[in-house]
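Visitor: Starting off with a structure, shown below.
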Amino acid sequence: MDWEGRRKSDNVEDERGTEFSGGAGSGGGGGMLNLLPMAVKFLGFKGTVVAAVLVGIFALMTGNLGSVLSVLGLHQPAQVSKKAGPVRQNAAEEKQVDFVKVILADTEDTWQELLSKKGKTYEKPRLVLFRNAVQSACGFAESATGPFYCPGDRKVYLDFSFFDELAHRFKAPGDFAQAYVIAHEIGHHVQTLLGISGKVQTARRQMSKTDSNKLLVKLELQADCFAGVWAYHADSQRKMLEAGDVEEGLAAASAVGDDTLQRQAQGRVVPDSFTHGSAAQRTQWFKTGLESGDMDKCNTFAN
């Protein structure tokens, strides 16, 4: 991607020097790793290694940590301790921070323009960088949760370790793959502003687990489509994409498909437990947004 030297967003909070830990009543830490046994019970599988992957199926790039906790029937810790300290980083991490700020700024420009055309105001979200664990308005989360958006405080949360996971574990390297991750979470912010997320959560409370999951998949696929819409405008208006970038984004979307993750974890696929969509669905909707640049084409709920 051609991103260096471009505008950087001021809406980034750096919590990488802060240590968070679950307090009393949290069940010993309270993060997603501590909740693995319940995730296993919910899906009917055994083993902590498998459970770690399954939590990824639920939480990986989810736009709503609260939704993940709700799906698993989990509770947040009663108390969380916080110890602030200085942010220590090497040159590579410093460059990653610049990259995140540029991508966030570009999503701001894109969605501000697109929503203004619909007579709506784009309220810029904050993006929080953290290491290992963090406290959000949606609860206490560890890095295993993956990047997420919390509608309670309208912030995106990101641990850079996920980018390493994306490149090495999920075989989806590249800066545009990373940009796709950020744009997907921003897509959930757009859904919150438009009232879509709220309607989905209300509807899910009256559904069976299977139907609830299906509706959650539609929400996630729309966020993928919105990520594609951003990429279209980043390229057509600001020429940010370079050769190979589209392939990187599609590879990332495919790598985090529920079927891909389940097949890696257990060798079989359970569609009723999908919460984000299959690899084919995720790439299809990302391409829909990328090729059209039209958010109106992202009505995943019509299918």
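Just so it is clear, none of the values below were taken in a lab; they were calculated from the coordinates. What you see is a predicted model, and the numbers here were worked out from it, not measured in a lab. Please note: Cβ atoms are built from the backbone with ideal geometry, for glycine as well, and neighbour counts cover all protein chains shown.
Visitor: Taking 7 Å along the Cα-to-C-beta vector as the label spot, tell me the Ser116-Glu19 distance in nanometres, rounded to one decimal.
Guide: In this crude spin-label approximation the distance works out to 4.6 nm.
Visitor: Would you kindly state how much longer the chain becomes between Ser236 and Gln206 on full extension, computed as 0.36 nm times their sequence separation minus their alpha carbon distance, in nm to one decimal? Provide the component values of the computation, followed by the final result.
Guide: Values: separation 30, 0.36 × 30 = 10.80 nm, distance 4.19 nm.
Full-extension gain reported as 6.6 nm.
Visitor: With the Cα gyration tensor of segment 170-303 giving a ≥ b ≥ c as the square roots of its eigenvalues, does the rule (a/c under 1.5 for rounded; else a/b larger than b/c for prolate; else oblate) give rounded, prolate or oblate?
Guide: On the way: a/c = 2.41, a/b = 1.25, b/c = 1.92.
Oblate.
Visitor: Length gain on complete extension for the stretch Asn11 to Ala91, per 0.36 nm per residue less the alpha carbon to alpha carbon distance?
Guide: On the way: separation 80, 0.36 × 80 = 28.80 nm, distance 2.12 nm.
Here the segment from Asn11 to Ala91 would lengthen by 26.7 nm.
Visitor: For segment 98-219, what class follows from the C-alpha gyration tensor (a ≥ b ≥ c being the square roots of its eigenvalues): rounded when a/c is under 1.5, otherwise prolate if a/b is larger than b/c, else oblate? Don't skip to the answer; put the middle values down first.
Guide: Details: a/c = 1.65, a/b = 1.13, b/c = 1.46.
Oblate is the answer for segment 98-219, as a/c is 1.5 or above yet b/c matches or exceeds a/b.
Visitor: Multiply the residue gap between Ala302 and Asp272 by 0.36 nm, knock off their C-alpha separation, and tell me the result in nm, one decimal place.
Guide: 8.9 nm
Visitor: Let me ask you something else. Out of residues 5 or more away from Leu127 or on other chains, whose amide H comes under 5 Å of its own, with H placed 1.01 Å from N in the peptide plane?
Guide: It is Val12, Glu13, Val156, by chain and number.
Visitor: Considering Cα pairs under 8 angstrom that are at least six residues apart, work out the relative contact order of segment 87-218 and quote it in whole percent. Write down the numbers at each step before the final one.
Guide: Values: 114 pairs, mean separation 24.9, N = 132.
The normalised contact order for segment 87-218 reaches 19 percent.
Visitor: Cross-link candidates for Lys8: which lysines have Cα within less than 27 Å, leaving aside residues fewer than 8 places away along the same chain?
Guide: Filter leaves Lys95, Lys101, Lys117, Lys118, Lys120, Lys124, Lys155, Lys239, Lys287.
Visitor: In whole Hz, what ³J(HN,Hα) sequence does segment 285-292 give by Karplus (6.51, -1.76, 1.60; θ = phi - 60°), x for Gly and Pro?
Guide: Along segment 285-292, the couplings run 6, 5, 5, 4, x, 5, 7, 9 Hz.
Visitor: A follow-up question, please. What FRET efficiency comes out for the pair Leu194/Ala243, r = Cβ-Cβ distance, R0 = 35 Å, nearest 0.05?
Guide: Details: r = 34 Å, r/R0 = 0.96.
The value I calculate is 0.55.
Visitor: Please list the non-local residues whose amide H lies under 5 Å from the amide H of Ala172, H modeled 1.01 Å from N, same-chain partners needing a gap of 5 or more.
Guide: Answer set, sorted by chain and number: Ala167.
Visitor: Can you work out ³J(HN,Hα) from phi for every residue in segment 233-246, in order, using Karplus 6.51 cos²θ - 1.76 cosθ + 1.60 and θ = phi - 60°, giving whole Hz and x for Gly and Pro?
Guide: For segment 233-246, the Karplus-derived couplings read 6, 4, 7, 5, 9, 10, 6, 7, 7, 10, 4, x, 5, 4 Hz, x marking Gly and Pro.
Visitor: Please give me, ordered by residue number, the GluC sites (Glu not before Pro) of segment 99-187 that lie in loop per DSSP and have at most 13 other Cβ atoms within 10 Å.
Guide: On the way: sites: Glu108, Glu113, Glu123, Glu142, Glu165, Glu185; in loops: Glu123.
Sites meeting the loop and neighbour criteria: Glu123.
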